[in-house]
Amino acid sequence: MNIPEKQLVAATGFGKLIAMRLLELNDVLAPLVRAALDAGYRGDVSGLRATLAWRVEDSRRGWELRRDRAIWDIHWALKPLFEERAPSTALLNTAHGINRAARGPLLGREVVAVVEDEVRWFLRRLESGKRRRAWGGRRRHAA
């Protein structure tokens, strides 16, 4: 007998939550199996468990790739805004827009954390450039 479609869809959704580190596979697998059995599945339970675990893990891997891609897209979109000295609201709006366009693989607080990391990186780069100019472009070491 086939696995109920609702459990396959739920397994895919749980993959996103696991990628966001809100749940773990052990948290969702037993309820998924139980729900499939309650919905009338009468096949091999170990095969059901393996199929649902595969579906959850496959979804998790896909969402992790989306998350990584969204972080890189945010990184590259913010670079020109830093050069323009755009306000923080513009940085955050751009980052949240990229996250929405990617179907929301990052939580709101994660988007803010990515923007904060990028700002720190940019300020560090600015500061190191000032130091280099002050030393004539070279580091001088005591002989």
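No value in this document is a laboratory result; all are computed from the given coordinates. Quick caveat, the model's predicted, so the values are computed rather than measured. Neighbour counts run over all protein chains shown; Cβ positions are idealised from the backbone, glycine included.
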Exercise for the section: Report, in degrees rounded to the nearest 10, the 0 to 90 angle that the Cα long axis of helix 45-83 makes with the longest principal axis of the chain. Expected result: 20
Exercise for the section: Quick one: angle between helix 25-38 and the longest Cα principal axis of the chain, in degrees between 0 and 90, rounded to 10, please. Expected result: 30
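Tell me, what is the percent relative contact order of the chain, built from C-alpha pairs under 8 Å that lie six or more residues apart?
Numbers: 115 pairs, mean separation 33.8, N = 143.
For the chain, the relative contact order is 24 percent.
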Practice task
Can you find, among G15, N99, A86, the residue farthest towards the positive end of the dipole of segment 5-134? Put +1 on the C-beta of Lys and Arg, -1 on that of Asp and Glu.
Solution key: A86
Fill in the blank from the handout: Here the longest stretch of the chain that holds no trypsin sites (Lys or Arg not before Pro) in a DSSP loop having at most 11 other beta carbon atoms within 10 Å is 43-84
Exercise for the section: Please pull out the direction-averaged projected area of segment 5-134, using the convex hull of its alpha-carbon atoms, in nm² to one decimal place. Expected result: 9.7
Handout entry: Under Karplus coefficients 6.51, -1.76 and 1.60, residue-wise ³J(HN,Hα) of segment 114-127 in Hz, glycine/proline x
Key = 5, 5, 4, 4, 5, 5, 4, 4, 5, 5, 4, 5, 4, 5
